[in-house]
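The values are calculated or read from the model by the stated rules, or taken from the named source; none is laboratory data. Since the structure is predicted, the reported quantities are computational estimates derived from the model, not experimental observations. Cβ: placed from backbone, ideal geometry, glycine included. Neighbour counts: every protein chain shown. Ligands, DNA and RNA are stripped out before the accessible areas are found, and what is left, the full protein with its side chains, is counted by its heavy atoms. Shrake-Rupley method; radii C 1.70, N 1.55, O 1.52, S 1.80 Å.
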Amino acid sequence: MITVTEKEVKQIPVLELVDASLTNETLPLVFFYHGWTGCKEKVLTQGYELARQGFRVVMPDALYHGQRQVAGPAEKHQLEFWQIIAKSVQEFPLLVKAYEQNVGIYQRQIGVSGLSMGGITTCALLRVYPQITAAVCLMGSPCPVEFARKLLAKIPGMEKVDPAYVEDQISQLAVIDLSQEPQKIAGRPVHFWHGSADPMVPYQPTRDFYERIKDHSYAENVTFTTTKGGKHKVSYLTTLEMAAKFHEYFSK
């Protein structure tokens, strides 16, 4: 039986999933991040399948989402999209430290995954934190600077905003842009999944990133699967593939 516990860790609302028979064991720790306008409860299927593999799974609410809503739903914070991701990146080591101190992390195996905005967060975390063991990015992007320019161009009224201000905001994303320093992957196992017809997070930039790095030694453990015609939705089969990847990574 998988237990689901709602708690606050360092004032961050999370769901923790674990096999009931392993609750008091020291286990590998896997984080799963939800998408834009979602919440931790919306990714319970992914958390459940990860917990079935014998991991302790932590699913945080991102800033302005779920229990962290401020002044209405997340949609009202469209211009703060990248601040939300940056906040998750800042909070990550706090969560890791709390679990390390309270229950331990088996062989310091730490995984990160997420879908859509959570996939972008996953790539950003990979860029910043070498202590991450392995990652799976589901329909996210390792190219936030490029993606931010495309997103901002679609927001009504952006033509009235000072271009210098916009460029300054985008340039701040460079520190979490995996595509600008892909060598930070450093041989770690990383898997990308994307649907080729995704209308929300474009498929091609992520595929191009993979093709660019795949023959380098630092990317020898990077893999990619495509769902031809797939749109912006993670299927159950893709969820199973994600969980199986972590089982493979942490069994070595």
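General remarks:
- DSSP bridge orientation in the chain - percent antiparallel, rounded to nearest 5: 35
- Structure-based [θ]222 nm, the chain - -39500 (n - 2.57) summed over DSSP H runs of at least 4, per residue, nearest 500: -11000 deg cm²/dmol
- Gap separating the Cα centres of the stretch 1-59 and the stretch 207-247, nearest whole Å: 22
- Accessible area of the chain belonging to carbon and sulfur atoms, whole % at 1.4 Å probe: 52
- Here the Karplus relation 6.51 cos²θ - 1.76 cosθ + 1.60, evaluated at θ = phi - 60°, turns the backbone of the stretch 169-175 into coupling constants of 5, 5, 4, 5, 6, 4, 5 Hz, with x for every Gly and Pro.
- Exposure ranking of 208, 61 by accessible area [1.4 Å probe, largest first]: 208, 61
- Our estimate of slack between residue 218 and residue 22, defined as 0.36 nm per intervening residue step minus the Cα-Cα distance, is 67.1 nm.
- Using the 1.4 Å probe convention, the accessible area of the chain works out to 46 Å² per residue with neighbouring protein chains retained.
- Residue 71-residue 41 FRET efficiency (beta carbon distance; Förster radius 22 Å; 0.05 resolution): 0.60
- The chain: relative contact order as a whole-number percent, Cα under 8 Å and 6+ apart: 17
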